[in-house]
Amino acid sequence: MKIVVKKDGELLDYLYNNLDIPKKRIKQYLTHGSIYVNNSRTTKYNYKVVAGMNITIDTDSKNKKTLPFEVLFEDDHIIVVNKPSGLLTIATAKEKDRTLYHIVREYLVSKDRNARVFIVHRLDKDTSGVVVLAKDEKTKNQLQENWTEYVSLREYVAVVHGHLKKDSDRIVQMLSETKTNLVYVSKKEDAKEAITNYKVVKTSDKYSLVSINIETGRKNQIRVAFNSLGNPIVGDKKYGDVKDNENRLYLHANRLKMYYPVIKKDILFETSTPNEFKKIMG
């Protein structure tokens with residue numbers, strides 16, 4: 001099914017208001033990666049569409065036993081995927097079904113009805129990139145309990161506003177969190193240390209593309225770090241410019257290296273830089 005957008009709006013609402021399809025089914029198509037805007041797949045309900053764009057709905061794909069995103073590695077004990085931006089890793093009180101956990105579980109159960117899946121670590125909803133999930137509780141516990149020792153590399157790529165004062169730096173901050181889940185630089189006794197390293201890869205008139213390596217895994221630490229420098233991440237409406245009109249947060253976890261106890265070796269999971277990052281940098 002193909003349609004041409006006639007009025008600006010958000011994807012889910014536009015489809016619901018202009019097609020004779022129940023909203024629940026449209027959400028299923030989005031969850032399963034069956035909807036394309038100008039030939040680019042999206043799973044975001046609030047993806048901004050403008051007049052003239054082409055929307056394609058693959059009405060058969062929701063029955064196929066595939067994932068709507070890239071599988072980087074899979075064996076009997078773990079599955080490693082490239083999580084898209086805008087997708088929660090695990091359920092919250094507000095969102096229970098449209099999560100990475102739910103989609104991967106559904107995929108695994110379609111192949112084996114006794115399959116199980118466990119979250120090993122998380123990425124922010126708006127951050128894309130490498131996520132490791134376990135297929136059994138023993139592997140999950142082993143990875144979680146030794147995560148700091150097992151993981152030797154956590155690398156991200158981001159596009160930030162403006163030009164950084166230094167081409168590279170090591171940012172050491174103490175972070176606390178408000179009752180409304182906002183992380184901030186703090187001098188409180190119970191504040192936790194966050195260490196963020198970066199290197200500028202490329203600059204344009206308005207933006208800088210940076211490679212980031214974190215030594216700690218604090219909540220939102222990268223977003224807080226760059227906002228504190230005066231160079232918030234593009235698309236960051238929580239810590240950056242609320243008027244930023246980009247469709248996504250330009251932060252992507254592109255490389256994760258960890259010791260994998262099943263094979264008793266280090267293994268590197270790696271993704272390419274998203275196309276949106278390349279386009280915005282010119």
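The values are calculated or read from the model by the stated rules, or taken from the named source; none is laboratory data. The structure presented is a predicted model; accordingly, all values stated were derived computationally and were not measured. Because the Cβ atoms are built from the backbone with ideal geometry, glycine has one as well, and the counts that use them run over all protein chains shown. For accessibility, only protein heavy atoms count, side chains too; no ligands or nucleic acids. Shrake-Rupley method; radii C 1.70, N 1.55, O 1.52, S 1.80 Å.
Brief remarks on what is shown
- For peptides 216-225, 103-112, sequence by mean Cβ density within 10 Å, most packed first: 216-225, 103-112
- Using the Cβ-Cβ distance between Ser168 and Ser40 with R0 set to 30 Å, the FRET efficiency from 1/(1 + (r/R0)^6) comes to roughly 0.40.
- Note on Glu106 and Lys202: the model spin-label points, each 7 Å out from Cα along the C-beta direction, lie 3.5 nm apart.
- Taking all Cα pairs closer than 8 Å and separated by 6 or more residues, the relative contact order of region 70-204 comes to 18 percent.
- Antiparallel content of DSSP bridges confined to the chain, in %, to 5: 95 percent
- Between region 150-180 and region 206-282, the alpha-carbon center distance in angstrom: 8 Å
- Diffusion constant of region 114-161 at 37 °C, which comes from Stokes-Einstein with the Kirkwood Cα-pair radius and 0.692 mPa s, µm²/s: 262 µm²/s
- Theoretical gain in end-to-end length, Thr273 to Glu189 [0.36 nm per residue, Cα-Cα removed]: 26.4 nm
- Within the accessible area of the chain, the carbon and sulfur atoms contribute 45%, probe 1.4 Å, all protein chains present.
- In region 235-282, the trypsin sites (Lys or Arg not before Pro) that fall in loop regions by DSSP, at most 12 other Cβ within 10 Å: Lys243, Lys264
- The residues of the chain have, on average, 55 Å² of accessible surface per residue, using a 1.4 Å probe with all protein chains present.
- Packing rank of 270-276, 79-85, where each peptide gets the mean count of other beta carbons within 10 Å, highest leading: 79-85, 270-276
- Expected 222 nm ellipticity per residue - DSSP helices of 4 or more, -39500 (n - 2.57), all of the chain, to 500: -5500 deg cm²/dmol
- Applied to region 195-202, the Karplus parametrisation 6.51 cos²θ - 1.76 cosθ + 1.60 on θ = phi - 60° returns per-residue 3J(HN,Hα) values of 10, 10, 9, 9, 9, 6, 9, 7 Hz, with x for Gly and Pro.
- Too-long pairs where the Cα-Cα distance tops 19 Å, listed order kept, from Lys125/Lys192; Lys125/Lys237; Lys27/Lys111; Lys140/Lys179; Lys83/Lys125; Lys44/Lys140: Lys125/Lys192; Lys27/Lys111; Lys140/Lys179; Lys44/Lys140
- Highest-first arrangement of 148-155, 128-135, where packing means the average Cβ count within 10 Å: 128-135, 148-155
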